[in-house]
Amino acid sequence: MTPPDRSPPDGGQPSGVTGPVAPAQTSVDVDAALVARVQQGDQRAFEMLVVKYRRRIERLIARMVRDVDLVEDIAQETFIRAYRALPQFRGESAFYTWLYRIAVNTAKKALMQLKRDPLVSESALASSGDDDDDVSRVENELTDGETPESVLASRQIARTVNEAIEALSDELRQAITLREIEGLSYEDIAELMNCPIGTVRSRIFRAREAISQKLKPLLDTREGKRW
């Protein structure tokens, strides 16, 4: 007589059978595996890294260059430099941390060559849009519970935050961007900025305070509440 099949319908581990389950790979594990494959000559593995981080790198460059006409070119140059330098990559930091540094240096070099202001350019100003454009698009963007006034208020808050970030010093702007927009840990930010974690916390605190001061006229917040 054939024993009954105890396998679960989803093809998982049979009932009553216990044993170690392989943990899911983290992003860092996946990156390390892909880097190793690139170093062994697998070009397809590098293409996978490009697909994974292209948008993130382009967003980073866009915040530095503020010129949509340059972002794609600088991002492409970033990945070219990364590909050429990968044979020397030893994994002493996370791949994205390493790639981030290359992107920042590539953007700075491009700005120096073009002698452009890294914060403001004609393309950035032209793409920022007019208030009239915001009003004309409001009705198509409303969701349940929203009004044209609330949407415009949200847009104004967003513009104020962006302006406040741009007005920060380079160190404060980089710290708050890495934390609030890139979502990096304090440890990763300290490594990227080559400073102690305490300094990172101080810069982020000061950046938040500066942004909060700009937002106070727009927000009805409790006394002492920070952004």
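Readers should treat all values here as calculations from the given coordinates under stated rules, not as data from a laboratory. In this text, all values refer to a predicted model and were calculated from it rather than measured experimentally.
Provide the per-residue ³J(HN,Hα) series for segment 204-212, in order, calculated from phi with Karplus coefficients 6.51, -1.76, 1.60 and θ = phi - 60°, each as a whole number of Hz, with x at glycine and proline positions.
Values per residue, Gly and Pro as x: 5, 4, 5, 5, 5, 4, 5, 5, 4 Hz.
Quote to one decimal, in nm, the extra length available between Val50 and Ala36 on full extension: 0.36 nm per residue of separation minus the C-alpha distance between them.
Contour length minus the Cα-Cα distance gives 3.6 nm.
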